[in-house]
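Right, one structure below, let's go through it.
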Amino acid sequence: MTGAVRDETPRNRTGGCACGSVRYRVDGPMKQVIACHCSICRRQTSHFLAFTAAWTDQLSVTGADRIAWYRSSETSRRGFCSDCGSFLFFETDGAEKVSISAGSLDDDTGFRLVAHIHVDDKSGYYQIADDAARWPQGGDDVPMPPRDA
Ligand SMILES: [Zn+2]
Ligand SMILES: [Zn+2]
């Protein structure tokens, strides 16, 4: 290690739901954390949803039969533990990446909240007080890290 400040890409993390029925492992790099303030995330989490993402083919899940899927739009679905209700995954049909609840990580060192999306939809009872990027609607310009060679 040099003394230079570097943004390491978090990788090879594990996580799971609150009750332990669903566990996952990512064998590869993971995206930095985005906070979504849209109405679906608000309702599903009680506040806002903080999520990272991984390449779908680098994610392995145990207890997948315990995941219930909620189709949250015509093109996307959200997976949560059917035993304890923990939100875990968000997938867009046909996408090569899967969003993963940041709160479900066993080890979140190296992660940083870098953007807020759907800020126009956020609840009025809190303020966004950090200096992360803010996007009025969906979308962000935070790239997926390249797959490991
Ligand atoms: Zn659970
Ligand atoms: Zn959302």
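Karplus-derived 3J(HN,Hα) values for the range 25-34, using 6.51 cos²θ - 1.76 cosθ + 1.60 with θ = phi - 60°, are 9, 10, 9, x, x, 10, 6, 5, 8, 10 Hz; glycine and proline are entered as x.
Each Cα pair of the range 86-149 feeds into the Kirkwood radius, which the Stokes-Einstein equation turns, at 20 °C and 1.002 mPa s, into a diffusion coefficient of 151 µm²/s.
If the chain linking Thr109 and Glu96 were pulled fully straight, counting 0.36 nm for each residue of separation and taking away their Cα-Cα distance, it would gain 2.2 nm.
Give the range of the longest stretch in the chain that excludes all chymotrypsin sites (Phe, Trp or Tyr not before Pro) found in loop regions by DSSP and having at most 12 other beta-carbon atoms within 10 Å. By the stated rule (loop sites, at most 12 other Cβ atoms within 10 Å), 1-124. Each principal axis of the Cα cloud of the range 14-131 was evaluated for its coordinate range; sorted largest first, these ranges are 38, 30, 29 Å.
Free of any trypsin sites (Lys or Arg not before Pro) that DSSP assigns to a loop and that have at most 14 other C-beta atoms within 10 Å, the longest stretch within the chain is 7-111.
Bear in mind that the values in this text are calculations on the coordinates, not laboratory data. What you see is a predicted model; the values in this text were computed from it and never measured. When we count neighbours, we look across all protein chains shown, and the Cβ atoms used for this are built from the backbone with ideal geometry, even at glycine.
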